[in-house]
Amino acid sequence: MKRKEFIRSSFLLGSGLALVPKFFAQDIIPSSNQTKKFKKLTILHTNDTHSQIDPFPMTHSKFPGMGGVVARQTIIEKVRSEESNVLLLDAGDIFQGTPYFNKYHGVLEMKVMTALKYDASTMGNHDFDAGLDGFLKAKKEANFPFLCSNYNFEKTILNSQTIENTIIEKDGIKIGIFGLGVELEGLVPDNKFGDTVYLNPIEVAIGQVKKLQGQNCDLIICLSHLGYEYENADKISDKILAQETAGIHLIIGGHTHTFLAEPTIMTNSAGEKVIINQMGWAGVNLGRIDFYFEEQMRAVGGLVKVG
């Protein structure tokens, strides 16, 4: 598949479980009467769900009745019933935030994600809150890989428990996915991450892209827990990652709990477009990006309110 250019539009899927799309710039979306054949890939994604198993109470000031695993599963299964090629991804901070984590130490969260059939996740800083041994215990309930390319776990009990990247094939489309995490020192207690070595995410990303391009991936996704942007221009964020690398097509972000009503489009170091998306926190939104493959690769992005 040739990646000549990205063309992007955004859509907002209606609140609740209705899933009624409101499209903008519809001319870029393939119509049924076109002679060209398209392959469609739908990417659903979450970040910073923070042990929010139940929906927020109806009395909640910001998210009354929203979120919750049951509502998310309903939406995910509806999309899977309607689309042939679906990926479900997470950008970290699965742990911490409700009494469920205090009681089950991440085991319940992993069981839930396994039940929802996630394809891959990366680690956020709060996923170290149970310590490396706690994460390892919880991870035994996960049947999906954790992608951590800039955390070196060789001198820890997580050695060989995470992988740098994975390649998933859907209908002949090869999707390469890798993960990046935020610097842990000063953010996570030293005894929680032990001898984990943090590697520069820009340098690592460049290397990961080369590896995935070498495997002829048609689409390259970064699951990032770096954060969307910071006032400190020296702190690496998703925006800086997008600008200072080339070859990443989609950055699914986390950490800063940024609610994006539509994806951000950046220009990378090669003058090409890269998409950044992030869904806030607590699972109140479910991100959705649709890619259409022909000679050109087209992307459409949005979100679903959960609950």
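Just so you know, in the range 131-144 the residues that are free of Cβ contacts under 8 Å to residues at least 60 places away in the same chain, in contact with a helix residue (DSSP H, G or I) (Cβ under 7 Å, 6 or more places away or on another chain) and of a type in the set (Gly, Ala, Ser) include one that is most open to solvent (accessible area, probe 1.4 Å), and it is Ala142. Summed over the range 36-49, the residues that are assigned to a loop (DSSP other than H, G, I, E, B) and under 11 Å from Val284 (Cα atoms) give a count of 3. The set of residues from the range 208-230 being modelled with pLDDT of 95 or more and open to solvent by 40 Å² or more (accessible area, probe 1.4 Å) comprises Lys210, Lys211, Gln213, Gly214, Gln215, Glu229, Tyr230. Selection of first residues in the range 118-129 that are without any contact (Cβ under 8 Å) to a residue 40 or more places away in the chain and of second residues that are surrounded by fewer than 22 Cβ atoms within 10 Å (Cβ to Cβ), restricted to Cβ pairs under 6 Å at least 6 apart or on distinct chains, gives the following pairs, ordered by first then second residue: Tyr118/Phe144.
When we screen Asp234, Asp190, Asp218 for residues that are over 13 Å from the mean Cα position of the chain (by Cα) and under 22 Å from Leu41 (Cα atoms), the only hit is Asp218. Each residue in the range 107-130 was checked for being open to solvent by less than 20 Å² (accessible area, probe 1.4 Å), closer than 22 Å to Ile76 by Cα and not hydrophobic (A, V, I, L, M, F, W, C), and 4 pass. Among the residues of the range 219-229, is there at least one that is of a type in the set (Asp, Glu) and part of a helix (DSSP H, G or I)? Scanning the range 219-229, I find no residue that is of a type in the set (Asp, Glu) and part of a helix (DSSP H, G or I), so the answer is no. Within the range 168-187, the residues that satisfy the criterion of being out of contact with any Gly (no Cβ under 7 Å at 6 or more places or on another chain) and assigned to a loop (DSSP other than H, G, I, E, B) are Asp171, Gly172, Glu183, Leu184, Gly186, Leu187. Residues in the range 145-191 that are open to solvent by less than 60 Å² (accessible area, probe 1.4 Å), farther than 18 Å from Tyr118 by Cβ and among the charged types (D, E, K, R): Lys174 alone.
Restricted to the range 192-207, and to residues that are outside any loop (DSSP other than H, G, I, E, B) and charged (D, E, K, R), which residue is surrounded by the fewest Cβ atoms within 10 Å (Cβ to Cβ)? By that ranking, first place goes to Glu203.
The values are calculated or read from the model by the stated rules, or taken from the named source; none is laboratory data. Fair warning: this is a prediction, and the values are worked out from it, not measured in the lab. Using ideal geometry, Cβ is built from the backbone for each residue, glycine included, and neighbour counts are taken over all protein chains shown. For the accessible areas, the whole protein counts, side chains as well, though only heavy atoms, and no ligand, DNA or RNA atoms are used. Shrake-Rupley method; radii C 1.70, N 1.55, O 1.52, S 1.80 Å.
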